[in-house]
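Everything below concerns the one structure shown next.
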Amino acid sequence: MMLPDGSTDWAWREPAIGDLLAGHREGALFVAGCKTNQGRFYPRFDHIVLLSAPVEVMLARIATRTDNPFGKRPEEREAILRDLAEVEPLLRATCTAEIDASAPIDRVVQQLEELARMTP
């Protein structure tokens, strides 16, 4: 899908996500992503979790990671900061839980597992 600025919107493939959710029967299913059409699926999720971290933590992690070059160039960092300012408030307004992703990974996973256990 093309956005008004001419860039590509890498939206969720709705039939594939629908099939995934419809076919899931046992255990917890975690779906990660941030796409413009994700809200269409919110009624089918037990929890909508925002994993957040302070901007300094995010930029430091991006600067030191070796498996993904995105965010290394100044214009990419500017886009990240713009997205944080514009998109994160929208995500925060629609999430059912927020987890501080600057915590150690085992704590983040523990909190996600606790939410999964609270699912009816």
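Mind listing just one residue for me: the one in region 86-120 that is modelled with pLDDT of 95 or more and of a type in the set (G, A, S) and, of those, most open to solvent (accessible area, probe 1.4 Å)?
So, considering only residues that are modelled with pLDDT of 95 or more and of a type in the set (G, A, S), the one most open to solvent (accessible area, probe 1.4 Å) is A93.
Looking at the structure I just gave you, is R77 surrounded by 14 or more Cβ atoms within 10 Å (Cβ to Cβ), under 24 Å from W10 (Cα atoms), basic (K, R) and free of Cβ contacts under 8 Å to residues at least 60 places away in the same chain?
In short, yes.
Among the residues of region 50-68, write down those that are surrounded by fewer than 16 Cβ atoms within 10 Å (Cβ to Cβ) and part of a loop (DSSP other than H, G, I, E, B).
P54, R65, T66, D67, N68
Quick one: is F30 open to solvent by 70 Å² or more (accessible area, probe 1.4 Å), aromatic (F, W, Y) and either modelled with pLDDT of 95 or more or within 30 Å of R117 (Cα to Cα) (or both)?
So F30 passes the test.
Take the residues of region 1-19 that are modelled with pLDDT under 90 and among the charged types (D, E, K, R): which is farthest from A32 (Cα to Cα)?
D5
Determine which single condition K72 fails, assuming it passes every other condition in (1) touching a His at 6+ places or on another chain (Cβ under 8 Å); (2) in a loop (DSSP other than H, G, I, E, B).
Tallying (1) touching a His at 6+ places or on another chain (Cβ under 8 Å); (2) in a loop (DSSP other than H, G, I, E, B), K72 fails exactly one: (1).
Tell me, please, whether a residue that is touching a Cys at 6+ places or on another chain (Cβ under 9 Å), outside any loop (DSSP other than H, G, I, E, B) and not basic (K, R) can be found in region 35-49.
yes
The values are calculated or read from the model by the stated rules, or taken from the named source; none is laboratory data. Worth saying up front: this structure is predicted, and the values here are computed from it rather than measured. Here the Cβ is made from the backbone with ideal geometry for all residues, glycine too, and neighbour counts use every protein chain on show. Ligands, DNA and RNA are excluded from the accessible area calculation, which covers all protein heavy atoms including side chains. Shrake-Rupley method; radii C 1.70, N 1.55, O 1.52, S 1.80 Å.
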